[in-house]
Ligand code: BES
Ligand code: ZN
């Protein structure tokens, strides 16, 4: 990349940040219906900025849910074509009272921008758009063809993406898919993702008496659904931190010695991880390190529990119902549908007398692993090294992007996870942030990446 391009990026830093701030101001929360208009407005905003970047055939494609924003820059039929995927929808902000500044009023502090969506995934989406702008509008040219596909439903399980992918397979045809929706091992450690965990998400409903009861008049004589739910949950893992659902580990591939050694060699310590989480101690499946637990072993977590009186003060009540939202992170070769069935059967078998238990699946997605030997990974490694001044590390990812295996299947190209979310960046939590320097280095990396891909092929 010529120094002129770096100069272009430097002289546009402030405007790039201003656009980022404008993007963050739109509360495109996909999980709540009341934000539907904001989500639509966000798609419009994104389409416009993509158009201004000089992309062609920019289109907002409506679905039964939230629209896609697609665009392309086809420069040479003989050159490779990369498809960039990301999402402009964000997670809800609650608990809002725990934010230090309002979640949709982006705030600068200590070299960071705080707002919902800064790292997951608006910042990473906009890096791509601004890198494209730099190449196209800056007059530096495109050595590869690029297509963009941004969705507004990633945080609710990409409901309409599969249908769209299959029906628009020609339009989205490409040689490789680049996804920037993952993280970095450290704030100054450029990272390339080699895999993602899958997910099986279910809800457990426990029903007891016909209505809430006075806990003095009835407590001790009627089964309490909250207690029954707690009993069920307590039986989902054993003392070694292993999930007790029968058959849960049947398809789990053991971690190879090579991967274990590579993982051990990464610059990571439990002490720093404890600091990042603010948790008093770590825990997990016996016999595995923290990174192994996060990247290569499955997990089961309670995401939420609802029951009884949760207001201020004390109310003596025996609740009629209790429910819990439970997700399992999966690794190769666990099948999300099969795991959901095994979980359902097991939880139903744990139902104590005196309550009824229902298990309702929410969504699921397959685990994924990429091919670190592909030229695409080498191209990304070079672009990252040139922008961050440091050779990147290859890392696993504990999170899930259920659409990725489908990209491979339908579009038949390799997938690259080029992530810029900082560790401890509070994705899905209050005070989500993005490091400002990393934001600009991300743009630079992507602007360089096209040359590296063109030089190596895919
Ligand atoms: N950006 C995340 C995925 C992610 C998280 C990758 C952490 C790597 C590390 C994405 O937006 C996300 O939150 N995905 C959901 C998927 C779910 C809603 C199906 C997730 O992982 O919980
Ligand atoms: Zn997310």
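The values are calculated or read from the model by the stated rules, or taken from the named source; none is laboratory data. All values reported here derive from a predicted model rather than from experimental measurement. Every residue, glycine as well, gets a Cβ built from its backbone with ideal geometry; the counts of neighbours run over all protein chains shown.
What to note about this one:
- For residue 353, the conditions (1) surrounded by fewer than 17 Cβ atoms within 10 Å (Cβ to Cβ); (2) in contact (Cβ under 8 Å) with a residue 24 or more places away in the chain; (3) more than 16 Å from ligand 2 (Cβ to nearest atom); (4) not in a loop (DSSP other than H, G, I, E, B) all hold with the exception of (4).
- Check on residue 133, more than 12 Å from ligand 1 (Cβ to nearest atom), closer than 21 Å to residue 17 by Cβ and more than 16 Å from the chain's Cα centre (by Cα): yes
- Cβ-Cβ contacts under 9 Å between residues 6 or more apart (or on different chains), taken from a first residue in the stretch 401-417 that is touching a residue at least 12 places away in the same chain (Cβ under 8 Å) to a second residue that is surrounded by fewer than 21 Cβ atoms within 10 Å (Cβ to Cβ) and in a strand (DSSP E or B), are listed as 402/363.
- Residue match in the stretch 83-100 (condition: without any contact (Cβ under 8 Å) to a residue 60 or more places away in the chain and closer than 25 Å to residue 154 by Cβ): yes
- Residue check, residue 59 surrounded by fewer than 24 Cβ atoms within 10 Å (Cβ to Cβ), in a loop (DSSP other than H, G, I, E, B), in contact (Cβ under 8 Å) with a residue 12 or more places away in the chain and more than 16 Å from ligand 2 (Cβ to nearest atom): no
- Residues located in the stretch 427-449, provided they are surrounded by fewer than 24 Cβ atoms within 10 Å (Cβ to Cβ) and within 14 Å of ligand 1 (Cβ to nearest atom): 427, 428, 429
- One residue stands out in the stretch 115-139 among those that are out of contact with any strand residue (DSSP E or B) (no Cβ under 6 Å at 6 or more places or on another chain) and not in a helix (DSSP H, G or I): the one that is farthest from ligand 2 (Cβ to nearest atom), namely 139.
- Within the span defined as the stretch 50-58, one or more residues are at pLDDT 95 or above and at positive phi.
- The residue that is surrounded by the fewest Cβ atoms within 10 Å (Cβ to Cβ), among those in the stretch 164-199 that are within 14 Å of ligand 2 (Cβ to nearest atom) and farther than 27 Å from residue 443 by Cβ, is 199.
- In the stretch 227-248, residue nearest to residue 345 (Cα to Cα) [restricted to those that are under 28 Å from the mean Cα position of the chain (by Cα) and part of a helix (DSSP H, G or I)]: 233
- Residue count for the stretch 140-163 under the criterion of being surrounded by fewer than 22 Cβ atoms within 10 Å (Cβ to Cβ) and in a helix (DSSP H, G or I): the result is 4.
- Contact annotation: residue pairs with Cβ atoms under 7 Å, 6 or more positions apart or on different chains, pairing a residue in the stretch 20-37 that is touching a residue at least 40 places away in the same chain (Cβ under 8 Å) with a partner that is exposed (fewer than 15 other Cβ atoms within 10 Å of the Cβ) and not in a loop (DSSP other than H, G, I, E, B), are 26/41.
- Some residue of the stretch 249-263 being in a loop (DSSP other than H, G, I, E, B) and either in contact with a strand residue (DSSP E or B) (Cβ under 8 Å, 6 or more places away or on another chain) or surrounded by 19 or more Cβ atoms within 10 Å (Cβ to Cβ) (or both): yes
- Looking across the stretch 288-306, the residues that are without any contact (Cβ under 8 Å) to a residue 40 or more places away in the chain and assigned to a loop (DSSP other than H, G, I, E, B) come down to 288, 289.
- Test: residue in the stretch 414-426 that is outside any strand (DSSP E or B), at pLDDT 95 or above, surrounded by 17 or more Cβ atoms within 10 Å (Cβ to Cβ) and near ligand 1 (Cβ under 10 Å from one of its atoms): yes
- Residue check for residue 370: at positive phi and more than 16 Å from ligand 2 (Cβ to nearest atom): no
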